[in-house]
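Novice: I'd like to ask you about the structure that follows.
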Amino acid sequence: MQNDAKSALVAFSRPLGNMEAFFPLLSESYGGSVDQEHWIIYLALKLRFPPSITDPASYLKGAWQALRLQHPALGATLSSPSTPNQGVRRRVSVVSYDPEAWANVSFSCQDEKDATALFSNLRPTATATCYWLAKSNEVVLRTSHWRIDGVGMVKLGHQFLTCLADVLRLGPDLALDVYMKRPPVNPPIGPTIEELARIGKPSNTGSEEDPIVAAAADALISEFIRGVPSIGLPTRADPQDSPPGTSSRIATTLDAATTAKITATCRKWKLKVTSVIHAALVRATAQFPQHSLSKSFAAFVPIDLRRSLTAAVSPESRNDSRVTGLYFSGLPVCIDGVLGADGKAPKDFETIARELDATYSRDLMNFWKSDESRMVSFLDISESFLQRSTALLTTPLPEGLPPAQTPDLSSLGKMDAVVQTSYAVGDDAEVEVVNCWLGTEVLNRSLQFHVWSWKGEMTLAACFNDSFYEKLFVVEILGKVIEELLAGCGIEKT
């Protein structure tokens, strides 16, 4: 691989945004060691190469180098302020790019049997990394979550495979920019949500918040607090003093026929598929004994902001280039009555799904109406809301409240709508993507669920920390969620 890119990128640095700063704070608040980091994100791609490619390692390395040139943030690192000062943010920085030096520390061939085994055996790294597992024909992209979100990671996988197809077709010895479909991201580290949300708005040089924005942000936080402590899933018998251990993952996949029946029910009810799956998770969680103070289900559900940012900032442009960076937020949801009380039965499946759908379907452009009838978008309040939610989620719980053990759910939708099932290498050759999955390392007491579809089949995966959950219990939970999903949709289990 030619070294033409060595001086293509000058040093660049900026403070972390609110959402970016949130992830390192979470790791610290969960008591992780220096060898652990909460929510490190993985994308695993199982590939089938053309018969002529007997050792794809050099081609994969070349694609990874080209991807780094296109997305400099993959090599970005965090630094702390030179002097401790409350309110001074960590900074994120990139330096000039030497492809070989960077590949030497960020690309490797692993001897693990598959990507799931690798998932439990890695430590945090300063930059994003790429791994090739010859035994399972899987390539794994891995990075700290402050650098990219789930939707961005899937987009990154597509761009990596696009680069790979070009490296396979043209050979691995050309200049890196030959394999790129787009120029490098500029600036090298993209703007934060807050910076994008401020574009085109009057500059506020004062120290006081807009009272309407403050009221909207307070209302959102209050919605979550109303349900605290949330119902949750039971952990191991005595995890109170246990430090976080190894992260693991388990997944189950529904066949295409069953998946089609679930989506048909969602169309009939006019609900998002995510809302229905989340309802099944709530119902499964409510089956377990709960703390005496836990009556409701309260959580933050992740919402992709790319469309809203495009509409608000640059409606004439496509948002496909927003790959690295955090362009999502969490909207609070509180579902009362999931356990039943005062002689009332627990809420039924469809009712819970509709309440969740009201949050998932909120109009982010016309998000909140003040008493003065002023309508504000979610982007208008995002900075204030992120500041409040970060403070809330990184503050120790008041004495007497149980630790948060609420399961989280993140939906990736139709993954093969972004990652293609094959990439053409030549007239009669291709790289086939046999399967793919996304997961995150977990340091806390929450099970992290991800749901997506691939080739018409729905997968529900759970990531968890071994200190707090046993594998057999997580298998049981996955089964209960699927049972609730099928029963709620009126589908007989086959």
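Novice: Please name all residue pairs, on different chains or six or more residues apart, with Cβ atoms under 8 Å, provided the first residue is in the range 240-266 and is within 13 Å of residue 460 (Cα to Cα) and the second residue is in a helix (DSSP H, G or I) and open to solvent by 60 Å² or more (accessible area, probe 1.4 Å).
Specialist: Cβ pairs passing all conditions: 250/471; 250/475.
Novice: Now a separate question. Kindly check whether there is at least one residue in the range 442-457 that is within 20 Å of the chain's Cα centre (by Cα), farther than 28 Å from residue 155 by Cβ and assigned to a loop (DSSP other than H, G, I, E, B).
Specialist: There is at least one residue in the range 442-457 that is within 20 Å of the chain's Cα centre (by Cα), farther than 28 Å from residue 155 by Cβ and assigned to a loop (DSSP other than H, G, I, E, B).
Novice: Name the residue that is farthest from residue 376 (Cα to Cα), counting only residues in the range 219-248 that are in contact with a Leu (Cβ under 8 Å, 6 or more places away or on another chain) and in a loop (DSSP other than H, G, I, E, B).
Specialist: 244
Novice: Search the range 381-429 for residues being among the charged types (D, E, K, R) and closer than 14 Å to residue 158 by Cβ, and hand back the single one that is least open to solvent (accessible area, probe 1.4 Å).
Specialist: 416
Novice: Next question. Let me confirm something: among 421, 390, 394, which residue is without any contact (Cβ under 8 Å) to a residue 40 or more places away in the chain and of a type in the set (Val, Ile, Thr)?
Specialist: Result of the check over 421, 390, 394: 421.
Novice: Going by what's in this entry, would residue 493 be described as over 16 Å from the mean Cα position of the chain (by Cα), part of a helix (DSSP H, G or I) and among the basic types (Lys, Arg)?
Specialist: In short, no.
Novice: When the range 335-378 is examined, which residues are found to be outside any loop (DSSP other than H, G, I, E, B), at pLDDT 90 or above and open to solvent by 10 Å² or more (accessible area, probe 1.4 Å)?
Specialist: Hits for the range 335-378 are 349, 350, 351, 354, 355, 357, 358, 359, 360.
Novice: In this structure, is residue 63 within 19 Å of residue 424 (Cα to Cα), modelled with pLDDT of 95 or more and more than 24 Å from the chain's Cα centre (by Cα)?
Specialist: Criteria not met by residue 63.
Novice: I would also like to ask the following. As an exercise: evaluate residue 469 against (1) among the hydroxyl-bearing types (Ser, Thr, Tyr); (2) in contact with an Asp or Glu (Cβ under 9 Å, 6 or more places away or on another chain); (3) outside any strand (DSSP E or B) and give the number of the one condition it does not meet.
Specialist: Unmet for residue 469, out of (1) among the hydroxyl-bearing types (Ser, Thr, Tyr); (2) in contact with an Asp or Glu (Cβ under 9 Å, 6 or more places away or on another chain); (3) outside any strand (DSSP E or B): (2).
The values are calculated or read from the model by the stated rules, or taken from the named source; none is laboratory data. Quick caveat, the model's predicted, so the values are computed rather than measured. Cβ: placed from backbone, ideal geometry, glycine included. Neighbour counts: every protein chain shown. We work out accessible area using only protein heavy atoms, side chains counted, and drop any ligands, DNA or RNA first. Shrake-Rupley method; radii C 1.70, N 1.55, O 1.52, S 1.80 Å.
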